[in-house]
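So the structure is just underneath, and the comments pick up after that.
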Amino acid sequence: MPRTLTINGQEISARSDQTILEAAQDANIRIPTLCHLDGLTDVGACRMCLVEVAGASKLLPACTTRVQEGMQVQTDTERLRAYRRQIIELLFAERNHICAVCVANGHCELQNAGIAVGMDHVRYDYLFPKLGVDLSHERFGMDHNRCILCTRCVRACDQLEGAHTIDVMGRGAHSLIVHDMNVPWGEATTCTSCGKCVMACPTGALFKQGSTVAEMVHDAEKLAFLKAARERKVWNV
Amino acid sequence: MNLEELNATAASERLAQAKKRHHIRVCVGTACQALNSEQLAKELQAELRRRGQNGDVEVKCVGCPGLCSLGPLVEIESQVNGQAAIAGTEGGQRKSILYQFVKPEDAGEIVAHLGGEPIKRLETPLDQPFFTRQTKIVLEHCGKIDPERIEDYIAVGGYQALMKVLTEMTPQQVIDAITRSGLRGRGGAGFPTGLKWGTVAKADPNAYPTSVPVGIQSRKFVICNGDEGDPGAFMDRSVMEGDPHRILEGMAIAAYAVGANHGFIYVRAEYPLAVKRLRTAIRQAQRAGLLGNNIGGTAFSFNVDIRLGAGAFVCGEETALMASIEGGRGVPRPRPPFPAECGLWGCPTLINNVETLANVPPIIMKGADWFASIGTEKSKGTKVFALTGQVAHTGLIEVPMGITLREIVFDIGGGIPGGRQFKAVQTGGPSGGCIPAQFLDMPVDYESLAKVGSIMGSGGMIVMDDSTDMVEVARFFMEFCMDESCGKCIPCRAGTVQMHRILTKIQEGKATRRDIQILEELCDLVKHTSLCGLGQSAPNPVISTLRYFRDEYEKKLAADETNGKTPQPSAQVANPSA
């Protein structure tokens, strides 16, 4: 069933099972995201994709909100831009995001988001937590200092690989990505070393060992391809 | 047990109780139990045996009668002129006295004075405003009946509402009755209960993919939310401890109305006594055929399981609670879809607070119009509050909606002790706000509280006197929210940390005006962009104290910000270097 809605005044049509984000993507309207990744289920956690919907009392996450007939969506108001910038600043202040020494420099979704929201400084205190780096896996590494807890790796491991090696431990600011029952990654017996988590990571938190500054390019699109290919049983490239 | 058997049990229990000349009721709620009231009950029994009076006098361990600050409490109800005294029912001349601060050593004296003059040293009047100004619906049996005996509950009319529903009413009629009563969710948000029930009843169990574990037949669920976690709140605990069968009955009625055959009570593990009494109640109700298959000989079946919370405040949020029951990490998910359509294991799920469900049986028995006659236009019935803080009488109270804060604090609560002045009352716990003295005459209902920047919340009510540092209050609640944030969404996870840092900075006298501005921006961000209710309401204590006590914030700014005046670091910051 097609639905007609407007996004930023532009009239578009979408399927009834599509989210606002999917409909916007089809119409080439960009809505910023961090925890969303094509091919994974959405969790609505990063709040970057919040949009204003006429008649709704609250801001709604575009990634988990289905389109409705006659919906009037605003994705780029001054208020939303201010919120997005605050969220990005909060992330930069939360852990140790030093682009200049990061493997993902130049290929980082957090960095790109910072640029997109026009973040020229961070108004909050940098917290500089002392977090570890797990290099126990023979091929991959995990630097918790660069993790933004988007849980894309958790979902990729669970939904695409089916191993569910990765999950989140603790709560609040003490949340931490863990492997199995919080063992070093290299000792996680359920890990298949497939590397999908590394592909899914938006920052330099998960990386291939041996990569140095700016060398870590995540091929996240491959995950969406895998998922679609598996569903349609078509692997042509 | 069918209706005839239920009535027979009630009659025989009432008769047995009527034969006793005196009823000694000892509170064994958590607060009084901590003051050795169970030992007191044992001593009383031993003393009665020693005097050969145990056939004549009944010692009953009961739930919370409310006035916790005077505990352990003992109520003695005696026959007058040999007439029957029936606990918790009307009729029969009886005289009650209430003893406060009773210790196990007082047992001998209490028994010796039975039927005679009350002990002046221990007596506290029953006609004080704390008791007379209350309207008890939810708590009507708390402190009257033994929560560990189903017969006691049946004797005061328990399970009659369930029988009435099963034998005389259709599910739609039940929903209509709840809708007409105007009952709103007592967990805090105040969503109309009848509307929620109707949505679950209409919901299609196959609309979303489901994954119900093997062995559970139901495709709709009823959940009782007993994950009460607000600091200073103990309403639900007292109901679960004092009248657990009431909750089971409410749940069964709800299940019948929405078409569920399985329910869960989610209780925080910090309430071991509530868990124990609920478990006992479930076992007794199952044995009596009031839970389980073919309840009361009808076709309706309903089973209840208990699930324990593992110490996360956020699990009181309905979607996180369901994730926890499913065995996952207790984190919320975006709504819609709402639990009423896609809840536990993808099935339509009715989730109600303890107090909401406890209101259901009396609405069925006394009628929706009776309930709707209590309270204000939009907020019907009563509300249970846990009255704490700097007030003379702390404890559990139940008042009609629309009562003023002044009546609660000064009449029922007995005012501020120590000759101090009232400053503010905090309602709704970490999600609520501080209400200053200028609103003391405001009626307590959902809309009025929201208008002044607080919320009804689940019923925590903390009274503060003029010695209270309001910035410290805000910092305390922010610390609570920061620790209890699940970490899923960024505004709540990282925003509460930054707000807490700024509030700490203000307390240390190191903050500038710019910090207050950033704090206000953060309040706005976290309130409007967080995923669940925890984050969305976390800034409320800061927003409301900034609104009404801004001068206290400004007084604490760093020296160069207050025109050269010396900053005054708060004495209440225990460890300024932290």
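The values are calculated or read from the model by the stated rules, or taken from the named source; none is laboratory data. Bear in mind that the values here come from a model prediction, so they are computed numbers and not experimental data. Heads up, the Cβs are rebuilt from the backbone with ideal geometry, glycines too, and the neighbour counts pull from every protein chain shown. Ligands, DNA and RNA are excluded from the accessible area calculation, which covers all protein heavy atoms including side chains. Shrake-Rupley method; radii C 1.70, N 1.55, O 1.52, S 1.80 Å.
Would you check if A:Gly132 is small (Gly, Ala, Ser), open to solvent by 20 Å² or more (accessible area, probe 1.4 Å) and either under 18 Å from the mean Cα position of the chain (by Cα) or at the interface with chain B (Cβ under 9 Å from one of its Cβ atoms) (or both)? No; evaluated as a whole, the condition is false for this residue. For region B:170-181, what are the residues that are touching an Asp or Glu at 6+ places or on another chain (Cβ under 9 Å) and not hydroxyl-bearing (Ser, Thr, Tyr)? B:Arg180, the sole residue that qualifies. Among the conditions (1) more than 26 Å from B:Gly63 (Cα to Cα); (2) touching a strand residue (DSSP E or B) at 6+ places or on another chain (Cβ under 7 Å); (3) free of Cβ contacts under 8 Å to residues at least 60 places away in the same chain, the only one that B:Gly327 does not satisfy is (2).
Against the numbered list (1) out of contact with any helix residue (DSSP H, G or I) (no Cβ under 7 Å at 6 or more places or on another chain); (2) open to solvent by less than 40 Å² (accessible area, probe 1.4 Å), B:Arg279 comes up short only at (2).
Take residues that are under 19 Å from the mean Cα position of the chain (by Cα) and tell me which of the helices (runs of 4 or more DSSP H) falling wholly in region B:349-456 contain 3 or more.
Details: elements: B:354-358, B:360-366, B:368-372, B:446-451.
Output list reads B:354-358, B:360-366.
Between B:Phe130, B:Phe101, the distinction of being under 30 Å from B:Arg186 (Cα atoms), in contact with a Leu (Cβ under 8 Å, 6 or more places away or on another chain) and of a type in the set (Phe, Trp, Tyr) belongs to B:Phe130 only.
Please go through region B:322-337 and give me each residue that is within 13 Å of another protein chain (Cβ to nearest Cβ), part of a loop (DSSP other than H, G, I, E, B) and surrounded by fewer than 23 Cβ atoms within 10 Å (Cβ to Cβ), ordered by number. B:Gly327, B:Gly328, B:Arg329, B:Arg333, B:Pro334, B:Arg335, B:Pro336, B:Pro337, listed by residue number.
I'm checking my understanding of the structure. Among residues of region B:465-503 that are within 10 Å of chain A (Cβ to nearest Cβ) and either on the phi > 0 side of the Ramachandran plot or of a type in the set (Asp, Glu) (or both), which one is most open to solvent (accessible area, probe 1.4 Å)? Checked region B:465-503; the qualifying residue most open to solvent (accessible area, probe 1.4 Å) is B:Asp483.
Is it fair to say A:Cys153 is under 24 Å from B:Pro332 (Cα atoms), within 12 Å of chain B (Cβ to nearest Cβ), hydrophobic (A, V, I, L, M, F, W, C) and in contact (Cβ under 8 Å) with a residue 12 or more places away in the chain? No, not satisfied. Determine whether A:Leu59 is touching a residue at least 40 places away in the same chain (Cβ under 8 Å) and either of a type in the set (Gly, Ala, Ser) or at the interface with chain B (Cβ under 8 Å from one of its Cβ atoms) (or both). When the stated conditions are applied, A:Leu59 does not pass them. Residue count for region B:504-530, restricted to those that are within 11 Å of another protein chain (Cβ to nearest Cβ), crowded, with 22+ Cβ neighbours inside 10 Å and not β-branched (Val, Ile, Thr): 4.
Of all residues in region B:149-207, those that are within 21 Å of B:Asn294 (Cα to Cα) and basic (Lys, Arg) total 1.
Note on region A:176-195: residues that are surrounded by 20 or more Cβ atoms within 10 Å (Cβ to Cβ) and either within 14 Å of chain B (Cβ to nearest Cβ) or assigned to a helix (DSSP H, G or I) (or both) total 3.
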